[in-house]
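Read through the structure below, which is laid out as structure tokens, and then see the notes.
Bear in mind that the values in this text are calculations on the coordinates, not laboratory data. Keep in mind the model is a prediction, meaning the values are calculated, not measured. Glycine gets a Cβ as well: all are built from the backbone with ideal geometry, and neighbour counts include every protein chain shown.
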Amino acid sequence: MFRFGQIRVRRRPSLTPMIDVVFLLLVFFMLTAQFGRDTAVPLLAAGGSDRYDGPPRLVEVTPIGVSLNGFATPQDDLIDQLIDLTQTPEDLIVLRPDAETTLQRLIDIADLLTQAGFTQLAVVE
């Protein structure tokens, strides 16, 4: 007759190595995540009480460029032309994206204007 070894009681798998791996992944993702300061672009609320003074300053934002008061303008020249149209950096500048413009593109232009010192930006449809 055949003799087999003793019947062993089946052990349950240990969860300790899996918990260690999950902990290491958690630490990895926490350390590699970008913890940056959020920046905000100041915009005027619709229907604000500020009165519009001076020449028109309408910046139309498209996916491929910008236009100032209806004339296509290179993005590099936009700041110089707006400085000529404003008396102070607090003068209102109106931004209007077209239907195909992404929000990121609009924010990039608004950020460009904010970095140039313009503080009063309004977005219209």
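Brief remarks follow.
- Scoring 84-91, 11-18 by mean Cβ neighbours within 10 Å over their residues and listing the highest first yields 84-91, 11-18.
- Note that the stretch 65-78 has calculated 3J(HN,Hα) couplings of x, 9, 9, 10, 6, x, 10, 4, 10, x, 4, 5, 8, 4 Hz, one per residue in order, obtained from phi through the Karplus relation 6.51 cos²θ - 1.76 cosθ + 1.60 (θ = phi - 60°); glycine and proline are x.
- Annotation: amide H-H contacts under 5 Å for residue 66 (H modelled 1.01 Å from N, sequence separation of 5 or more, or interchain): 73, 75.
- For residue 73, net neighbour charge (Lys/Arg +1, Asp/Glu -1) across residues whose Cβ lies under 10 Å away: -4
- Between residue 120 and 93, the built amide H atoms are under 5 Å apart, and every one of these is 5 or more places off in sequence or on another chain.
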